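**Q** Here it is, the structure, as structure tokens.
Any read-out appearing in this document is the output of simple, stated calculations on the displayed coordinates, not a laboratory observation. Here the structure is a predicted model, which is why all the values come from computation and not from measurement. All Cβ positions, glycine included, derive from the backbone under ideal geometry; neighbour counts span all protein chains shown.
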Amino acid sequence: MAKALPALGLLLAVYCAPAQTLPDKPGKELFQTICSECHEPTKVIGKQKSKAEWAAKVTEMLQEDPDVTQAERETIVSYLAASFFPKLVNVNKATVNELASGLDLSAKEAEAIVRHRQEKGDFKSLDDLKKVPGLDAAKIEANRERVAF
């Protein structure tokens, strides 16, 4: 019996451990409702994808479900992109490709960041970054949680 107690304690610790939960952001309920038809929605926890990568995954997963509208698909992609994004992107060190994929920017916008950085020096703040000519400041604002300096 004494030998069973440590094993029982371990089992209780694992069983009682808090379950990983999905972030509370706009679109969570829709994501859970639609995606739980095929798999446990918590499967996305720990995944890191750009918005474009999430869009491709949602398209793949819902390709044979005509009942899910385009607006619903976009809401799911937005939820996933806002909740499970790649690591921070250091705008003072990232390449054009890293900026484009990590911050959901066009190649032209990413090139503008690199060019500005080379000409004017490192960025100090989000406001500095938003002033880059040719860059959509709304995209930077939407991805502010991913930006590092």
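**Q** What residues have an amide H closer than 5 Å to that of Val147, excluding those fewer than 5 places away on the same chain, when H is modeled at 1.01 Å from N in the peptide plane?
**A** Correct list: Val89.
**Q** I would also like to ask the following. Applying the Karplus parametrisation 6.51 cos²θ - 1.76 cosθ + 1.60 with θ = phi - 60° to the phi angles of the stretch 53-66, what ³J(HN,Hα) value in whole Hz is obtained for each residue in order, glycine and proline being reported as x?
**A** For the stretch 53-66, the Karplus-derived couplings read 5, 5, 4, 5, 5, 5, 4, 4, 6, 10, 4, 10, 10, x Hz, x marking Gly and Pro.
**Q** Give me the one-decimal nm value for the distance between modelled label points at Gln32 and Leu126, 7 Å along each residue's Cα-to-Cβ direction.
**A** In this crude label model, Gln32 to Leu126 measures out at 2.7 nm.
**Q** Classify the stretch 89-148 as rounded, prolate or oblate, taking a ≥ b ≥ c as the square roots of the eigenvalues of its Cα gyration tensor: rounded when a/c is under 1.5, otherwise prolate if a/b is larger than b/c and oblate if not. Please list the in-between numbers first.
**A** Working: a/c = 1.24, a/b = 1.11, b/c = 1.11.
Cα axes put the stretch 89-148 in the rounded bin.
**Q** Ranking His116, His39 by Cβ neighbours within 10 Å, fewest first, what do you get?
**A** Working: His116 19, His39 10.
Taking fewest neighbouring Cβ atoms as first place, the list is His39, His116.
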